[in-house]
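The values are calculated or read from the model by the stated rules, or taken from the named source; none is laboratory data. Only a predicted model underlies this, so the values are computations on that prediction, with no experimental measurement involved. Here Cβ is always computed from backbone atoms with ideal geometry, including for glycine, and neighbour counts include all displayed protein chains. Heavy atoms of the whole protein, side chains included, go into the accessibility calculation; ligands, DNA and RNA do not. Shrake-Rupley method; radii C 1.70, N 1.55, O 1.52, S 1.80 Å.
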Amino acid sequence: MELNFPLAEEPDDFAREAGRKLFAAPVEFLKGVVAMSGLPPADRIEVCFAGRSNVGKSSLINALTNRRNLARASNTPGRTQEINYFTTQDGPYLVDLPGYGFAQAPVAVVAKWQALLKNYLSGRATLRRAFVLIDTRHGVKAVDEEILKLLDRSAVTFQVVMTKADKVSVKDREKVLTQVRQALSKHPAAYPEIVLTSSEKGEGIETLRAIIAGLD
């Protein structure tokens, strides 16, 4: 029986090399955006990274780009309240979205930043794929479901990237994957493959690079 939402296979040599070249070239911080009016020109495709606070988003972006401090992790989860744009050479924008689900900030500030997130996801025509990060230790939580439903409504294809895979035993990993697959089966915008990663160990990084390089 075919498995729904299988793990993405390792890329072939051509795809691996395309991913390597894309991320070996300069990747630079472009700007932080606090309102839709501040978005850069929609002159190329873009991919975004979304995830609840403390899911390891900054670490994943740094691992992808092989740059230690390109995306800066805050010691206070939920502090980053901007949409951060990074440029690749002859490739897509990489877009780091604010972490969701926890914030040590006033309610009004959180509401404004959540509205920006929703407006971006539903209104950016050049967005080719959203990568939704899910912690392998915890699986899909209620706060993740809110974003997945928003992506469904916005008709934005999203692909789940499991983070911190090295922190979980193989047995427990399979339990969490079962829960994630069951959750994804309810979402029509879900891309039918999961990427399993560990930023610390490098697991799945080449696969994710190849996926991004292959988008058009």
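Computed quantities for the displayed model
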read-out: Odd one out for residue 75 among (1) of a type outside the set (Val, Ile, Thr); (2) in contact with a Gly (Cβ under 8 Å, 6 or more places away or on another chain); (3) modelled with pLDDT under 85; (4) over 26 Å from residue 19 (Cβ atoms); value: (2)
read-out: Filter pass, residue 108 being surrounded by fewer than 20 Cβ atoms within 10 Å (Cβ to Cβ), farther than 19 Å from residue 147 by Cβ and of a type outside the set (S, T, N, Q); value: yes
read-out: Exclusive hit being within 13 Å of residue 48 (Cβ to Cβ) and at pLDDT 95 or above, set 177, 116, 133; value: 133
read-out: Any pair with Cβ under 8 angstrom, 6 or more apart, that starts in the stretch 23-42 at a residue that is more than 13 Å from residue 86 (Cα to Cα) and ends at one that is in a helix (DSSP H, G or I) and open to solvent by 30 Å² or more (accessible area, probe 1.4 Å); value: 36/119; 36/123
read-out: Residues being open to solvent by 30 Å² or more (accessible area, probe 1.4 Å), in contact (Cβ under 8 Å) with a residue 40 or more places away in the chain and farther than 17 Å from residue 12 by Cα - total across the stretch 184-203; value: 6
read-out: Filter result for residue 206 (outside any helix (DSSP H, G or I), open to solvent by 60 Å² or more (accessible area, probe 1.4 Å), in contact with a Lys or Arg (Cβ under 9 Å, 6 or more places away or on another chain) and touching a residue at least 12 places away in the same chain (Cβ under 8 Å)); value: no
read-out: Single residue of the stretch 148-183 satisfying the filter (part of a helix (DSSP H, G or I) and touching a helix residue (DSSP H, G or I) at 6+ places or on another chain (Cβ under 8 Å)) that is most open to solvent (accessible area, probe 1.4 Å); value: 153
read-out: Residue that is most open to solvent (accessible area, probe 1.4 Å) [pool: residues in the stretch 28-60 that are among the β-branched types (Val, Ile, Thr) and modelled with pLDDT under 95]; value: 34
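To keep it simple, each residue is scored yes or no on (1) modelled with pLDDT under 90; (2) assigned to a loop (DSSP other than H, G, I, E, B); (3) among the small types (Gly, Ala, Ser).
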{"position": "108", "(1), (2), (3)": "yes, no, yes"}
{"position": "112", "(1), (2), (3)": "yes, no, no"}
{"position": "128", "(1), (2), (3)": "no, no, no"}
{"position": "146", "(1), (2), (3)": "yes, no, no"}
